[in-house]
Amino acid sequence: MVCGGFTCSKNALCSLNVVYMLVGLLLIIVAAWGKGFGIVSSIHIIGGVIAVGFFLLLIAIVGLIGAVHHHQVMLFFYMVILFIVFLFQFGVSCSCLAVNQGQQEKFLASSWRLMSNDTKGSLEKKLDCCGLFKNNQTQAEFLIDLSICPALCKQKGPSCITCGEKMLQHSSEALKILGGVGLFFSFTEILGVWLAMRYRNQKDPRANPSAFL
């Protein structure tokens, strides 16, 4: 049977927003855990993940309160914001799936230049590599990265594998997973928009029959 009743729509929308709340909390907890254990040292990355988790948590709370109280205004703003998030996430997910190796190298090179020396050193030590790409960096930039590289491979031998080569080995797979998960999650968002739109236009059977929607 199709979920067309008032109670069914309400329960489905509440359940969907509970899932969004759990995902938002999970993002915040994982970011804090990664920072606490030194897995990620960049405060910008940590702040970005926490901001996304907090935003998703806030949207889910608005949707949950609107669904429980059948609040027309809250449900309207929930629909609009969730649809904007869907458009943004759908575009980003498709971009992740369409990125080729050349574009990945350019992206890594631009990100590498924006990193601080502490962040670069932490990454080089963790991945046991030095520098990014010999071809995508000037000789002076590569020599500077090599001179401050704290990786163990530098002590064991005359040369280390570049971090760009190591990251490219896994970046294609990571982008496909990220794009696939994001694409799947974006369709749950459009489901939330549809449920909220349907639920807003339904009459509460417990309300006064002569009241407006």
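Total residues in the stretch 5-31 satisfying the condition of being at pLDDT 80 or above and closer than 18 Å to Leu58 by Cβ: the figure is 14. Of all residues in the stretch 60-97, those satisfying the criterion of being part of a helix (DSSP H, G or I) and free of Cβ contacts under 8 Å to residues at least 40 places away in the same chain are Val62, Ile65, His69, Val73, Met74, Phe77, Val80, Ile81, Ile84, Leu87, Phe88, Gly91.
Condition check ((1) small (Gly, Ala, Ser); (2) surrounded by 13 or more Cβ atoms within 10 Å (Cβ to Cβ)) across all residues:
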| position | (1), (2) |
| --- | --- |
| His170 | no, no |
| Leu175 | no, yes |
| Leu178 | no, yes |
| Ser186 | yes, yes |
| Arg200 | no, yes |
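Can you say whether Ile61 is more than 16 Å from Ile190 (Cβ to Cβ), modelled with pLDDT of 75 or more and in contact with a Gly (Cβ under 7 Å, 6 or more places away or on another chain), as far as the supplied structure shows? No, not satisfied. Of all residues in the stretch 49-108 being hydroxyl-bearing (Ser, Thr, Tyr) and surrounded by 15 or more Cβ atoms within 10 Å (Cβ to Cβ), which is farthest from Arg198 (Cα to Cα)? Here the answer is Ser93.
The values are calculated or read from the model by the stated rules, or taken from the named source; none is laboratory data. This structure is a prediction, so every number in the text was calculated from the model and none was measured. As a convention, Cβ positions derive from the backbone with ideal geometry for all residues, glycine included, and neighbour counts pool all protein chains shown.
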